[in-house]
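Bear in mind that the values in this text are calculations on the coordinates, not laboratory data. Owing to the predicted nature of the structure, the values given are computational and were not obtained by experimental measurement. In this analysis, Cβ positions are derived from the backbone assuming ideal geometry, glycine residues included, and neighbour counts consider all displayed protein chains.
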Amino acid sequence: MKVGIVGAGAVGSACLHSLVMRGSAREIVVVNRNAARAQGLVTDLQYGAVLGKPVTLRAGDYADLAGAVLVMITAGINEKSGGATDRQDAAGRLRLLDANAKMYRGIVAQIVSVVPQAFILIVTDPPDPLADLARLIAGHDRVLSSGTLLDSLRFRFHLAQRLNVNPADVAAQVIGEHGTSQVFLWSSARVAGMPIQCALGAGAEQEAAIRRSIEQQVRFANITIIEGIGASQLGIGIAAARIAEAILRDERAVMPIGSFQPKYGVTLSMPSVLGRQGVIRIFEPEMSGEEQAGLQRSAETLRNALTRVLL
């Protein structure tokens, strides 16, 4: 099946690389405002791709997206260039919204004019309000945000480090905003069916410190990465490819990704059954009172941000 990527920067490049290495699609088209950059990216990767599963790579224009089942949008100002790298700034990635919303108005309209039936996956930060904006421009609900899938993977990783186990054996999720108001579902986190709190085997005071430490590591992982290599890209590239696979292969896989939630009035992440028809069902998890309140605050944060760009 055919996938399009709009944007050939660090994240777009990582998404393309992951799609190719995982064998996620049979044809991938890269569109970038600097056509030479898209061509260079495709030319570079196509040689190594000979060692992977068969795939056709092309650099093109919006018209070349015709026939795509899914289009990823990665274009826009990133956190470093947009000044969203202050751990003390509660706005976090939302600081990029106004600038990236201006770009999205033109990008989404061009995508829909060529492939009106395609799913649109928003990867640009902040993905949740940009997904709502894209949904309104596109005039349909086949718009998803990469959401908190990567945050949940980070959560599992850091829990696994504490427990000295394989992250694949840890069940833990982050929901809500892909940003500073995200909600960590500690109450339902498990390893081998055992609640994480029991598995940690810590006293109340030590457990609270562990929770704070892990939440900080996950919430600001992007900034730590940017401080080292300039852009958070490789992890989100793999996560975006995984989302694409679930759609293209009609897997009905369950993962926390962003879609429009009428109950909350915005796009935010919930555990979702994802397949060829998009999000088929939402599994709203049991939450503690603290977690429920956190999710309401996260939704309010996103509603306020969206209102700002729709005025």
Run the simple label-point estimate for LYS53 and ARG297 please: 7 Å along Cα→C-beta, distance reported in nm.
4.2 nm
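Quote the relative contact order of region 2-145 in percent (integer), defining contacts as alpha-carbon pairs under 8 Å separated by 6+ residues. Write out the running numbers ahead of the final one.
Details: 247 pairs, mean separation 33.3, N = 144.
Across region 2-145, relative contact order equals 23 percent.
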Per the rule of 0.36 nm per residue minus the C-alpha distance, extending GLU251 to ALA91 adds in nm 54.1 nm
Select from GLY278, ALA305, VAL50 the residue farthest towards the positive end of the dipole of the chain; place +1 on Cβ of Lys and Arg, -1 on Cβ of Asp and Glu, and compute about the Cα centre.
VAL50
Would you list, by chain and number, the lysines whose Cα falls below 18 Å from the Cα of LYS53, excluding same-chain residues fewer than 8 positions away?
LYS2
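Highest mean first, what order results for 222-232, 140-150 on Cβ atoms within 10 Å? Mind showing how you got there, number by number?
Details: 222-232: 16.2, 140-150: 24.9.
For the peptides 222-232, 140-150, the packing ranking is 140-150, 222-232.
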Ordering of 276-289, 13-26 by burial proxy (mean other Cβ atoms within 10 Å per residue, highest first)
13-26, 276-289
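Would you please give the FRET efficiency between ASN34 and ALA204, computed as 1/(1 + (r/R0)^6) with r the Cβ-Cβ distance and R0 = 45 Å, to the nearest 0.05?
Working: r = 55 Å, r/R0 = 1.21.
My answer for the efficiency is 0.25.
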Size of region 28-138 as Cα extents on the principal axes (Å, biggest first)
45, 30, 24
Suppose each label sits 7 Å from its Cα in the direction of the beta carbon; what would the LYS102-THR43 distance come out to in nanometres?
3.2 nm
Using Cα positions and a limit of under 27 Å, work out the lysines in reach of LYS80, with same-chain residues fewer than 8 apart set aside.
LYS102
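Let me spell out the model: positive unit charges on the Cβ of Lys and Arg, negative unit charges on the Cβ of Asp and Glu, origin at the Cα centre of region 1-138. What dipole size does that give, in debye rounded to 20?
Values: 14 positive and 11 negative charges, 44 e Å.
Roughly 220 debye, rounded to the nearest 20.
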Using mean Cβ contacts within 10 Å as the protection proxy, how do 250-262, 206-218, 170-182 order, highest first?
170-182, 250-262, 206-218
Near-label residues of region 224-255 by backbone N, under 18 Å of a point 7 Å along Cα→Cβ of GLU284
255
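Between ILE229 and LEU136, 0.36 nm times their residue separation minus their Cα-Cα distance comes to what?
Values: separation 93, 0.36 × 93 = 33.48 nm, distance 3.47 nm.
Gain in length upon complete extension: 30.0 nm.
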Surrounding charge for VAL69, neighbours by C-beta under 13 angstrom, Lys/Arg +1, Asp/Glu -1, total +2
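What is the local net charge at HIS17, summed over the other residues whose Cβ is closer than 14 Å to its Cβ (Lys, Arg +1; Asp, Glu -1)? Write out the running numbers ahead of the final one.
Numbers: positive: ARG22, LYS53, ARG242; negative: ASP44.
Here the count lands on +2.
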Charges only on Cβ, +1 for Lys and Arg, -1 for Asp and Glu: so what's the dipole of the chain about the Cα centre, in debye to the nearest 20?
560 debye
Cα centroid separation - region 95-125 against region 53-80, whole Å:
12 Å
Run the quick spin-label model on ALA66 and GLN277: label points 7 Å from Cα toward the beta carbon, then report their separation in nm to one decimal.
3.0 nm
Per the Kirkwood definition applied to all pairs of different Cα atoms, how many angstroms is the hydrodynamic radius of region 149-310?
16.7 Å
